[in-house]
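Peer 1: My questions will all concern the structure given below.
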Amino acid sequence: MDIDYAIRKDEPPAITENIILDDADLYEKWERSNRLCVMFIKTKISVGMRGSVDQHNNVKELLKAIDEQFQSSDKALVSTLIMEFSSLRLTNVRGVREHIMKMRDIAARLKILEVDISEIFLVHYILNTLPQQYSHFKISYNTHKDKWSINELMTMCVQEEERLLMESGESALLTTKEKNQNQANKKEKGKISPKEELKRNPSVSSVKRKGT
């Protein structure tokens, strides 16, 4: 329907008494397109922004004004995302996949806002956000010749998470066994032999002799 004609083409000369018919048709085509575009855009933008751009009746000027409004919003969003990105830490062994996916998502959103984070930097930064339990894993990567992609890092971290969880489970089981054994040893030490009982309680011995 050629409704976006006014966006693609500059405004032609206005209609005057001396204008030729073809130029008049061209201006009317542009004017109709411009009016429809402006009306459609103003009905779709938010109420908070409408007041600052409502004075524009040329669609190109209107779009430029809207872009300027979003540029300031983008700057604020970039700052917010960078602060969130720099504060993320994995505080426990569990949840490493979700942690990496969240950091990768923020990096992707920053890239859309023209703040590009390279993949190799992202890999190193994510490694630095992992807790102390992953220290051997970090050393292994730093001594490794190959560089990992984000997907490879995620795969390896998930494997390391499973290994650490298994180790912590075995350690907890061993601790429980040692605790039970210590309690049993204390009970065994607390038992008194019959001879020791007679020495501590002579009355028990006399009672037994009377009974015999």
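Peer 1: Give the residues of segment 33-47 whose amide nitrogen is closer than 18 Å to a point set 7 Å from the Cα of ALA65 in the direction of its Cβ.
Peer 2: Residues 34-47 fall inside that zone.
Peer 1: Same structure again: Pulled fully out, how much extra length does the chain show between ASP54 and ASP25, if you take 0.36 nm times their separation in residues and subtract their Cα-Cα distance?
Peer 2: That works out to 7.7 nm of additional length.
Peer 1: Moving to a separate point now. Only Lys, Arg, Asp and Glu count, each charged at its Cβ (+1, +1, -1, -1), so figure out the dipole size of segment 53-169 about its Cα centre, rounded to 20 debye.
Peer 2: Its charge dipole is roughly 300 debye.
Peer 1: Sticking with this one: Given LYS64/LYS111; LYS44/LYS102; LYS75/LYS147, which pairs have Cα atoms separated by over 26 Å?
Peer 2: Table pairs above 26 Å Cα-Cα are LYS44/LYS102; LYS75/LYS147.
Peer 1: Taking 0.36 nm per residue of separation and subtracting the Cα-Cα distance, what length does fully extending ASN128 through GLU152 add?
Peer 2: 7.0 nm is the gain from fully extending ASN128 to GLU152.
Peer 1: Pull up the cross-link candidates among the aspartates and glutamates for LYS42, meaning alpha carbon to alpha carbon under 16 Å and not fewer than 8 places away within one chain.
Peer 2: Straight-line reach from LYS42, under 16 Å: ASP4, ASP54, GLU61, ASP67, GLU68.
Just so you know, all these numbers are worked out from the coordinates, no wet-lab data involved. From a predicted model like this one, the values you see are computed outputs, not experimental measurements. Note that we place each Cβ from the backbone using ideal geometry, even for glycine, and neighbour counts take in every protein chain shown.
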